[in-house]
Amino acid sequence: MKQQSSVIVRPRAPLSSSPGLWWGLLGVTAFSFTLPFTRIAVGGLSPLFIGSGRAVVAAALAALALAVTRQHPPTSAQWWRLAIVAGGVVAGFPLLTSFAMTAAPASHGAVVIGLLPAATAAMVALRTRERPGRAFWWFAAVGAAAAVVFAALQNGDLGELHWADLLLFAAVLAAAVGYAEGGLLARELGAWQTVSWALVLAAPLMLVLTLASAVADPPTASPVQWLAFAYLGVVSMFLGFFAWYRGLAIGPMAPVSQIQLVQPVMSIAWAALLLHEQIGWPTALGGLAVIVCAALAVRTRLIHPRPTTRPLNEES
C-alpha cells in the first residue's frame with residue numbers, strides 16, 4: 001500500500017504544467033497580432049490615442065464582465081499589486097510600443113517579444129520561490145538571443161540604438177514586471193478577474209489621456225485602421241490576457257513565460273502577410289531556433305526543495 005501511494009503521487013508533477021502551457025500559447029497567439037495591428041493603426045491614429053484608447057475599450061468590457069458576474073472587490077493590499085500590473089501591461093507596454101511603432105517596422109518591434117520571456121523569467125525568479133535549474137536559464141538565454149538576432153537580421157539596423165529601441169527596451173521591463181505580478185495575483189483573484197480589475201483601476205487615467213489625444217490630434221483613421229484598433233482593445237488588451245494569466249496562474253510561471261519566445265516568429269509572419277514586410281532565410285532559420293529553444297526551456301524541470309514524502313508515507 002505504501003508503494004502504491006508513491007506511484008499515484010509522482011506522475012502528477014509533469015502533467016500539471018500542461019494546461020498552463022496550452023493556455024499560455026493561446027494568449028501568446030492573441031498577442032502576436034499586436035505589433036502588426038499597432039503598425040496599421042498608427043497610420044491614422046496618434047500613438048497616445050492608440051496606447052490609451054485601447055485600454056479604455058478593454059476597461060469598459062472588464063467593468064461589464066465584473067458587474068455581470070458580481071465579483072468581490074480586491075483587498076487593499078491586492079489593489080496596490082494591481083497598480084503594478086496596470087502600470088506595466090495596461091499603461092507602460094501599450095504606450096511605449098505604440099510610440100515605437102511610429103518609427104520602427106513591426107518586424108523590428110518583434111525584438112521586444114524576443115527579450116520579454118527572459119525578462120519575465122527573471123522577474124518571476126525575483127518575485128517568487130520558483131527557481132529554474134541551470135539548463136532552463138541556458139535555454140532561455142539562447143532563445144532570447146536567437147529572437148534578437150533573427151529580428152535584427154530581418155530589419156538590419158538594430159546596431160544603431162535610436163529612441164525607438166529605447167522605448168522597446170523600456171516596454172520589455174514594464175511588461176515583465178506586470179506579467180510576473182499578474183501571474184501571482186491570478187492565483188488569488190482569478191485569471192480574467194486580475195486583468196479586469198487592473199484595467200478598471202487604470203481607466204480614469206487612460207480616459208483622460210485618450211480625450212486629450214483626440215482633442216490635440218483628431219483621429220483620421222480608415223475603416224481598416226479602426227478595425228486594427230478594435231482588435232488591440234478587445235483582444236490584445238482584454239481577451240488575450242484571460243488566457244495568458246490563466247496559464248501563468250496554473251504555472252509553473254517561469255516555464256510558461258518562455259512560450260513568449262514563439263511570439264516574435266508569429267509576429268513577423270503576420271507582418272509579412274499583412275504588411276508585406278520581406279522575410280529572408282536568415283529570419284526563417286532564426287525563427288526555427290527560437291521555437292526549438294522555447295520547447296527545450298518549457299520541458300526543463302524546475303528545481304524543488306528536497307521532498308519530505310518518506311516520513312509522511314510511513315505515518316500513513
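The values are calculated or read from the model by the stated rules, or taken from the named source; none is laboratory data. Model, not experiment: these values are computed from the prediction. Counting neighbours? That spans all protein chains shown, and the Cβs are built from the backbone with ideal geometry, glycine included. Accessible surface areas use protein heavy atoms only, side chains included; no ligands, DNA or RNA. Shrake-Rupley method; radii C 1.70, N 1.55, O 1.52, S 1.80 Å.
Tell me which residues, restricted to the range 242-252, are farther than 14 Å from residue 116 by Cβ and open to solvent by less than 10 Å² (accessible area, probe 1.4 Å). First the steps, then the outcome.
Step one: list which residues in the range 242-252 are farther than 14 Å from residue 116 by Cβ, which gives 242-243, 245-247, 249-252.
Within the range 242-252, 243, 245, 247, 251 meet the criteria.
Restricting to the range 74-92, count the residues that are assigned to a loop (DSSP other than H, G, I, E, B) and either under 15 Å from residue 54 (Cα atoms) or free of Cβ contacts under 8 Å to residues at least 24 places away in the same chain (or both).
1
Quick check on residue 285: is it open to solvent by 30 Å² or more (accessible area, probe 1.4 Å), at pLDDT 80 or above and over 13 Å from the mean Cα position of the chain (by Cα)? Full working, then the answer.
On the way: open to solvent by 30 Å² or more (accessible area, probe 1.4 Å): yes; at pLDDT 80 or above: no; over 13 Å from the mean Cα position of the chain (by Cα): yes.
Answer is no for this residue.
Which residue is farthest from residue 89 (Cα to Cα), if the candidates are limited to the range 203-221 and must be among the polar types (S, T, N, Q) and open to solvent by less than 30 Å² (accessible area, probe 1.4 Å)? Outline the logic, then answer.
Initially, the range 203-221 is screened for residues among the polar types (S, T, N, Q), giving 210, 213, 220.
In the following step, the residues that additionally are open to solvent by less than 30 Å² (accessible area, probe 1.4 Å) were identified as 210, 213.
Values: 210: 17, 213: 20 Å.
The extreme case among them is 213.
Taking residue 42 and the conditions (1) surrounded by fewer than 24 Cβ atoms within 10 Å (Cβ to Cβ); (2) closer than 28 Å to residue 190 by Cα, which numbered condition does it fall short on, given that it satisfies the others?
That leaves (2) as the condition not met.
Within the range 108-122, restricting attention to residues that are over 13 Å from the mean Cα position of the chain (by Cα) and surrounded by 23 or more Cβ atoms within 10 Å (Cβ to Cβ), which residue is modelled with the lowest pLDDT? Can you show your working first?
Filtering the range 108-122 for residues over 13 Å from the mean Cα position of the chain (by Cα) gives 108-109, 111, 122.
With surrounded by 23 or more Cβ atoms within 10 Å (Cβ to Cβ) added as a condition, the list becomes 108-109, 111.
Values: 108: 75, 109: 79, 111: 70.
Among those that are over 13 Å from the mean Cα position of the chain (by Cα) and surrounded by 23 or more Cβ atoms within 10 Å (Cβ to Cβ), it is 111.
Residues are listed down the side, and each one gets a yes or a no for (1) more than 13 Å from residue 59 (Cα to Cα); (2) basic (Lys, Arg); (3) open to solvent by 50 Å² or more (accessible area, probe 1.4 Å):
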| position | (1), (2), (3) |
| --- | --- |
| 198 | no, no, no |
| 201 | no, no, yes |
| 223 | yes, no, yes |
| 229 | yes, no, no |
| 232 | no, no, no |
| 240 | yes, no, no |
